[in-house]
Amino acid sequence: MSVLPIVTYDDEVLRKEAKPVEENTPEIQQLIDNMFDTMYNSDGVGLAAPQIGELHRIFVADAGPLTEEEGGRKYGPLALINPKITFESEEKVDMEEGCLSIPGVNASVTRPEKIVVNYLDRDFNKQELEVDGWLARVIQHEADHLDGILFLDHLSMFKRKLLSSKLKKIDEGSVEIDYPIVPKKQKAK
Ligand code: NI
């Protein structure tokens, strides 16, 4: 098991659509182990495979620390393979989001309060989960990553503009981050 470097904001891999996982292989199991290690090492509550440069439809989540705060039902660590959100409540809520690929940036995002997600667990058993609160939020954020969507995309132009100087700093690689990230590529001048 190992901690892998996380790709940041302007990396094009974050904008690509990830591919469905076809079969349960030792490589996939290894990838999931590494994703948990990487998520816990960076104190994250969710991590999607594209964030470590792997375009597979997999994400891991552990909203435990957040649901404790919320006084809600507790879920252990979850690995979701080929997740599909099959229901979104009409009722929406604002919640503060951040992203390990966009360090130092937080913003309030509006999303459905309750969802149903269908997925394969890491043993490739079909699962269905109906959730609200923080876990519903984490799942929606991570599922977006599999389609090349970042939480910033849900913000108004105005809000994004307010964050632009922080985003520029990430682009320049001048943000202090206490977990490993993929080094910036040399940009053509
Ligand atoms: Ni994220």
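The values are calculated or read from the model by the stated rules, or taken from the named source; none is laboratory data. Keep in mind that what you see is a predicted model, and the values were worked out from it rather than measured. In this analysis, Cβ positions are derived from the backbone assuming ideal geometry, glycine residues included, and neighbour counts consider all displayed protein chains. Please note that ligands, DNA and RNA were not included when accessible areas were found on the heavy atoms of the full protein model with its side chains. Shrake-Rupley method; radii C 1.70, N 1.55, O 1.52, S 1.80 Å.
Report, in deg cm²/dmol and to the nearest 500, the calculated mean residue ellipticity at 222 nm for the chain, where each DSSP H run with n ≥ 4 adds -39500 (n - 2.57) and the sum is divided by the residue count.
Helix-only estimate at 222 nm: -8500 deg cm²/dmol.
Would you mind counting up the charge near Ile81? Only other residues with Cβ under 11 Å from its Cβ, with Lys and Arg at +1 and Asp and Glu at -1.
Taking every other residue near Ile81 into account, the sum is 0.
List every residue whose amide H lies under 5 Å from the amide H of Glu97, counting only residues 5 or more places away in sequence or on a different chain, with H placed 1.01 Å from N in the peptide plane.
Under 5 Å from the amide H of Glu97 lie the amide H atoms of Ala107, Ser108, Val109, each far enough along the sequence or on another chain.
What net charge is computed for the residues neighbouring Pro50, neighbours being all others with C-beta under 11 Å from the C-beta of Pro50, Lys and Arg scored +1, Asp and Glu -1?
On the way: positive: Arg15, Lys16, Lys19, Arg57; negative: Asp11, Glu12, Glu17, Glu54, Glu142, Asp144, Asp147.
So the surrounding residues net to -3.
Report the local net charge at Val60: Lys and Arg +1, Asp and Glu -1, summed over other residues whose C-beta lies under 13 Å from its C-beta.
-4
Could you please state how large a percent of the accessible area of the range 6-176 is carbon and sulfur, counting protein chains only and using a 1.4 Å probe?
C and S atoms contribute 46 percent here.
Would you mind telling me the antiparallel percentage of the DSSP bridges in the chain, rounded to 5?
Counting DSSP beta bridges with both partners in the chain, the antiparallel share is about 95 percent.
Is there a pair in Lys19/Lys126; Lys16/Lys168; Lys92/Lys169; Lys16/Lys166; Lys92/Lys161; Lys126/Lys184 whose C-alpha atoms are over 27 Å apart, and which pairs would that be?
Lys92/Lys169; Lys126/Lys184
Given the C-alpha centroids of the range 136-154 and the range 16-32, what is the distance between them in whole angstrom?
Spelled out, the Cα-based centre of one part sits 19 Å from the other.
Among Gly46, Gly104, Gly76, which one shows the biggest mean-square fluctuation in a GNM of the chain, springs joining Cα atoms closer than 10 Å?
Looking only at Gly46, Gly104, Gly76, the largest GNM fluctuation is found for Gly76.
Efficiency by 1/(1 + (r/R0)^6): what FRET value for Asp121 and Ser164, r their Cβ-Cβ distance, R0 = 41 Å, to the nearest 0.05?
So, using R0 = 41 Å, E works out to roughly 0.55.
Once a ≥ b ≥ c are taken as the square roots of the eigenvalues of the Cα gyration tensor of the chain, is the result rounded (a/c under 1.5), prolate (a/b larger than b/c) or oblate (a/b not larger than b/c)?
It comes out oblate by the Cα gyration axes.
Please calculate how many Å² of accessible area the range 6-176 carries per residue, with a 1.4 Å probe and no DNA, RNA or ligand atoms counted.
Averaged over the residues of the range 6-176, the accessible area is 51 Å².
Could you work out how much longer the chain between Lys114 and Glu176 gets when fully extended? Use 0.36 nm per residue separation minus the Cα distance between them, nm to one decimal.
Details: separation 62, 0.36 × 62 = 22.32 nm, distance 3.47 nm.
Going from the current span to full extension adds 18.8 nm.
What ranking of Arg57, Arg160 comes out by heavy-atom accessible area, probe 1.4 Å, highest first?
If we order Arg57, Arg160 from most to least accessible, we get Arg160, Arg57.
Let me have the relative contact order for the chain, percent, based on Cα pairs under 8 Å that are six or more residues apart.
Relative contact order for the chain comes out at 26 percent.
Filter the chymotrypsin sites (Phe, Trp or Tyr not before Pro) in the range 75-166 to those in DSSP coil with at most 14 other Cβ atoms within 10 Å of their Cβ, and list the result.
Taking the range 75-166 and a limit of 14 other Cβ atoms within 10 Å, the loop chymotrypsin sites (Phe, Trp or Tyr not before Pro) found are Phe124.
Name the longest site-free stretch of the chain, where the excluded sites are GluC sites (Glu not before Pro) in a DSSP loop with no more than 14 other beta-carbon atoms within 10 Å.
Longest stretch, sites excluded: 92-175.
Rounded to whole Hz and in sequence order, give me ³J(HN,Hα) for the range 122-128 from the Karplus expression 6.51 cos²θ - 1.76 cosθ + 1.60, θ = phi - 60°, writing x for Gly and Pro.
So the J values, rounded to whole Hz, are 6, 8, 6, 8, 5, 9, 9.
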